[in-house]
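The values are calculated or read from the model by the stated rules, or taken from the named source; none is laboratory data. The structure displayed is predicted, hence computed values, not measured ones. Positions of Cβ are generated from backbone atoms using ideal geometry, with glycine treated the same way; all protein chains shown enter the neighbour counts. Just the protein is used for accessible areas: all its heavy atoms, side chains included, with ligands, DNA and RNA removed. Shrake-Rupley method; radii C 1.70, N 1.55, O 1.52, S 1.80 Å.
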Amino acid sequence: MILPQLTTLETSGLIRLAQTQPEVEYLFRHALVQEAAYDSLLKNSRRQLHRSVGEVLERLYPDRLASRDLAPLLGWHFLEAGDERRALKYFTLAGDAAARVYANTEAVMHYTQALSLIRGVDSERETLIHLYLSYGHALELSAQDAAAVANYEALETVARARGDRALELDALLAQAIVYLKPVSVRDPAKGQALSERALALARELNNRAAEAKSLWNLMQFFKWSDQMVEAQAWGEQALAIAREFNLRELTAYSLHDLSSVYLVNGQFEPAMTAMLEAQQLWRELGILNMLADNLASYAELHVMTGQYDRAIALSREALQISQTIGNLWNQSYSWYMIDLAYLDRGEIGSAIEVAEECLRLAQQAGFVPGVLQSVLDLTLIYGYLGAVHLGYEVAERSRGWAQGMPMAGLLESVMIARLHLFSGRLADAQAVFGEAQRGIDARSLSAYLSWFTGLVEGELALAAGDYARVLSLTDEAIPFLRQARIRLFFPDVLYTRGKALLGLARTDEAHAAFQEARVEAEAIGSRRSLWSILAALSEIEARRGNQAEAQQLRWQARDIVEFIAEHVGSPELRTSFLNLPDVRDVLRET
């Protein structure tokens, strides 16, 4: 019996009774006493005690062996017992248990311990692939992409040493997608080469699931290279195989990415259908990081279509999930473009807060599109408020982040061109924009990016008095925007067209353009654009001699200006906004 010995130790003051229910438990009174007692044991005795404790725990709790609390304890006992095989098993289970609840730091720690043991154990292929891929996935979710790549490269080395081509295929697929993502280690050429190697090997081994994954990887290459027609073709091939073989997770991934490709290609209905089907699959599969990503993408779609309340609600749901699982990438993406919803509603202070938070999280996570989009949006906001100097300052914060993103340079040039335009430096704006256009093959632009650059070009043409060019550009943009159901900035396109028509003395046509712009702005709640539209309509009504109508329109414009001024967020920005010439005109005339 061990009880007399325990009683003696308790009487001596070396241990104390901690609890009697549900089981008797003793604690050492000081860690130094515990350490001294442990060190006094012979090595073989210690090993045997650890083995005995581990085996007793296995017998007592057979239903908890894979639990988050017991698995790491068992791993430690068997490691100290010198039983590397069982230690490997339990540290892997501990990593799995942590990964299931997105405790990624904890999962990385346990998987690291398991990998340190795997060389001393003759592991089955399934054990190797599960451990290396699970460890890599936890690293990716923790934004440790360089470490993830190193891990997948180590798996490839193991596969080659074993002569296991199927294992090598898994390693190639895992490496490729990290290089293709918009993260700090992004290397599109390497990602494409790895994907093509994987595709050839998958077809050689007649591995249809791996073939579909390779096709999906190649879709990522073309998607992030802004070659959306090619991306759609590869993605639809991957989806067809995934559906044929009921690969539900890969089906969800293919649908998820195709939805954004369809959207930028102007195919709204397929985009919506794919996004919602993927969302349902993520919920059913319980893959929370992808569900959060999908909800954020869905929120972005609602921003683009002018459904701002729904966009903000989806964003908050995505953020809550992302915070629960500790995923910085998705936390940043949850705020992606939501600032534009607040900006359009005239809630400028909230827009700045959201953009800054998205930027902060994106920089921590290495989420390149989040950095670029947030900086672009902040330059728009500060330019809109007349605080152009702040726009130039924030533009500097994106320097160095655009490397490896083919269209990022164009976006940065557009950003600077608009700031020059806001500050009245038209020639500089035209020079920057023209230089950017000369370096870009227009055929490589996605439909969305082509439209966005066209909008800026239209603003530059309007400022230069090139009204014919404005009409040509808006003739191209308006049908696309209607087909794609994009309403964000659509009132601006119509307003720009109206100003060009007014410049050509085509007053009735200008009035019609402004009226349509007003309808669009009111439909989506765009205070940002509505007050300028109302002011333009007021000017036309005054020319026509309809003074009462003109005065009513000016009062409506003034009310919106005052709302925006009250929601700017800082006295300095409020003053800057109220000192804009067009704003002063509205306030003075009323």
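Ranking LEU359, MET290, ALA71 by Cα position along the charge dipole of the chain, where only Lys, Arg, Asp and Glu carry charges on their C-beta atoms, puts ALA71 farthest toward the positive end.
Once the dipole of the stretch 225-345 is set up with Lys and Arg at +1 and Asp and Glu at -1 on Cβ about the Cα centre, which of SER322, GLN307, LEU343 lies farthest towards its positive end? With unit charges placed on the Cβ atoms, the residue in question is SER322.
Taking the average, over residues, of other Cβ atoms within 10 Å as the packing measure, peptides 274-281, 156-163 rank 274-281, 156-163 from highest down. Among ALA212, SER413, GLY503, flag the residue with its Cα farthest along the positive direction of the charge dipole of the chain, charges on Cβ as +1 for Lys/Arg and -1 for Asp/Glu. Selected residue: ALA212. Over the chain, dividing the summed -39,500 (n - 2.57) contributions of all DSSP H runs of at least 4 residues by the number of residues returns a 222 nm mean residue ellipticity of -25500 deg cm²/dmol. At what distance in angstrom do the alpha carbon centres of the stretch 315-366 and the stretch 222-285 lie from each other? Each part's Cα centre sits 24 Å from the other's. In order along the stretch 104-116, the phi-based Karplus estimate (6.51 cos²θ - 1.76 cosθ + 1.60, θ = phi - 60°) of 3J(HN,Hα) comes to 5, 4, 5, 4, 4, 4, 5, 5, 4, 5, 5, 5, 5 Hz; Gly and Pro are listed as x. In this label model, ASP559 and GLN515 are separated by 2.1 nm, measuring between points 7 Å along each Cα→Cβ vector. Judged by the mean number of other Cβ atoms found within 10 Å, the most tightly packed of the peptides 188-196, 416-424 leads the ranking 416-424, 188-196.
The stretch between ARG46 and VAL101, if pulled fully straight at 0.36 nm per residue, gains 16.4 nm over its current Cα-Cα span.
A simple spin-label model places pseudo-atoms 7 Å from Cα toward Cβ; at GLU204 and ALA146 they are separated by 3.2 nm.
Axis of helix 368-385 versus longest Cα principal axis of the chain: the two differ by about 30°, to the nearest ten degrees.
Using a Förster distance of 60 angstrom, determine the FRET efficiency expected from the C-beta separation of GLU566 and HIS130, and round it to 0.05.
In this case the efficiency is close to 0.60.
Which angle between 0 and 90 degrees, to the nearest 10, do you get for helix 188-204 versus the longest principal axis of the chain when only C-alpha atoms count? It is inclined by approximately 60 degrees. With both labels modelled 7 Å from their Cα along Cα-to-Cβ, the ASP475 to THR507 distance reads 2.5 nm. For the chain, lysine pairs separated by 8 or more sequence positions, or belonging to different chains, with Cα-Cα distances below 26 Å total 7.
Accessible surface area normalised per residue over the chain is 44 Å², counting heavy atoms of protein chains with a 1.4 Å rolling probe. Distance from the C-alpha centroid of the stretch 138-196 to that of the stretch 98-132: 16 Å, rounded to the whole angstrom.
Using only the Cα atoms of the stretch 431-588, build the gyration tensor, take square roots of its eigenvalues as a ≥ b ≥ c, and label the shape rounded, prolate or oblate: rounded if a/c is under 1.5, else prolate if a/b is larger than b/c, else oblate.
Here the stretch 431-588 falls in the prolate category.
Take each of the peptides 144-152, 428-436, 207-215, average the number of other beta-carbon atoms within 10 Å over its residues, and list them starting from the highest.
207-215, 144-152, 428-436
Please work out the Cα center distance from the stretch 554-589 to the stretch 46-97, rounded to the nearest Å. Their Cα centres are 67 Å away from one another. Using the Cβ-Cβ distance between SER184 and ILE287 with R0 set to 30 Å, the FRET efficiency works out to roughly 0.80. Of the listed values (i) 23.2; (ii) 27.5; (iii) 25.7, identify the label whose number matches Kirkwood radius over Cα pairs in Å calculated from this model. Label of the calculated value: (ii). Here the 3J(HN,Hα) profile of the stretch 61-66, calculated from phi with Karplus coefficients 6.51, -1.76 and 1.60 at θ = phi - 60°, is 10, x, 8, 10, 4, 9 Hz, Gly and Pro shown as x.
3J(HN,Hα) along the stretch 513-523, derived from phi through the Karplus expression 6.51 cos²θ - 1.76 cosθ + 1.60 where θ = phi - 60°, amounts to 5, 5, 5, 5, 4, 5, 4, 5, 5, 5, 5 Hz, with x in place of Gly and Pro. Rounded to the nearest 10 degrees, the inclination of helix 467-484 to the longest alpha-carbon principal axis of the chain is 40 degrees. Across the accessible surface of the chain, with the other protein chains kept in place and a 1.4 Å probe, carbon and sulfur atoms take up 52 percent. Length gained on full extension, TYR61 to ALA431, computed as 0.36 nm times the residue gap minus the Cα-Cα distance: 125.9 nm.
Using the crude model of +1 on Lys and Arg Cβ and -1 on Asp and Glu Cβ, and no other charge, please compute the dipole size for the chain relative to its Cα centre, in debye to 20.
The dipole of the chain has a size of about 620 debye.
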